[in-house]
Amino acid sequence: MATPAPVVQKGWAWDLVDERERRPWEEPDDGVLGMLRVLPKGTDLHHLRVYDMGCGLGRHAVYFARLGCHVHASDITAEAVNSTRAWLVRDGLCSAAQAERRVVQGRMTQLQQTDAWADIVVCFNVVYHALRADVDKGVQELVRVMKPGGLLFITFISRDWHKPFTEELVAENTTVKRGGAEDGVPHFYAHHDDVLHFLRNLKVIYTDLREEFGDAYRTYTYPSFHYRVLARKG
């Protein structure tokens, strides 16, 4: 019997995502945009530090950079890092040298960012791409990076009680995708209690469980359930 391949942190193979499928990943999510409404009135965005963990093609890093925020970002894949760097430079938001310093490749469980650096942290559809223990480690790394009073917008894929797992189950509530851009990417499905445990060192402002049946471009049509959480440190 063949030995199963180990489950590791792994990002999307963006080279397998065609132009049409990339379109929704190039527009900021409404939950991320809504973070600005929670900021104190009169906040000078030019003084805000934003960290985008799992930046993908760069949509949220670019959005905040366009507002004048000081943005750093990271992703596990070189293609995502290169895409985000190139977009920032192409839009005149920083120099190539600055982009290379500010957008780096790395794992979420060992972030290169300094302690208490960020006023805002974004982690959109990223942290659950791991086994449960690494999901927890990843969240605690985000907490470490946040300033006291800082905000975190984060999503977790929900364990839907009404639907059995259809992909390979490799650990409790953890599947691994096979084929396509997510081949080999683990997905940890969280209950609400899991979410609260992961965020135990933060104050949760709101939790929203959203069911989606596709994006605006109809690049997928299957149901998807995510917890969308806004939390504050301290």
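The values are calculated or read from the model by the stated rules, or taken from the named source; none is laboratory data. Everything numeric here is computed off the predicted structure, so don't read it as measured data. Quick reminder, even Gly has a Cβ in these numbers, built from the backbone with ideal geometry, and neighbours come from all protein chains shown. With ligands, DNA and RNA removed, areas are computed over all heavy atoms of the protein, side chains included. Shrake-Rupley method; radii C 1.70, N 1.55, O 1.52, S 1.80 Å.
On the given criteria, is Thr84 among the polar types (S, T, N, Q) and assigned to a loop (DSSP other than H, G, I, E, B)? Steps first, answer last, please.
Working: among the polar types (S, T, N, Q): yes; assigned to a loop (DSSP other than H, G, I, E, B): no.
No; evaluated as a whole, the condition is false for this residue.
Hey, does the range 69-87 have a residue that's closer than 18 Å to Leu152 by Cβ, aliphatic (A, V, I, L, M) and over 13 Å from the mean Cα position of the chain (by Cα)? Yes, the conditions are met somewhere in the range 69-87.
Note on the range 127-201: enclosed strands (runs of 3 or more DSSP E) holding 2 or more residues that are modelled with pLDDT of 95 or more and of a type in the set (Gly, Ala, Ser) are 146-157. Can you find even one residue in the range 91-106 that is outside any loop (DSSP other than H, G, I, E, B) and under 22 Å from Pro24 (Cα atoms)? The answer is yes; a qualifying residue exists.
Residue pairs whose Cβ atoms lie under 7 Å apart, sitting 6 or more positions apart in sequence or on different chains, and linking a residue in the range 28-50 that is outside any loop (DSSP other than H, G, I, E, B) to a partner that is small (Gly, Ala, Ser) and surrounded by 12 or more Cβ atoms within 10 Å (Cβ to Cβ), are Leu45/Gly68; His46/Gly68; Arg49/Ala118; Val50/Ala118. Looking only at the range 96-127, residues that are open to solvent by 10 Å² or more (accessible area, probe 1.4 Å) and more than 15 Å from Leu202 (Cα to Cα) come to 22 in all.
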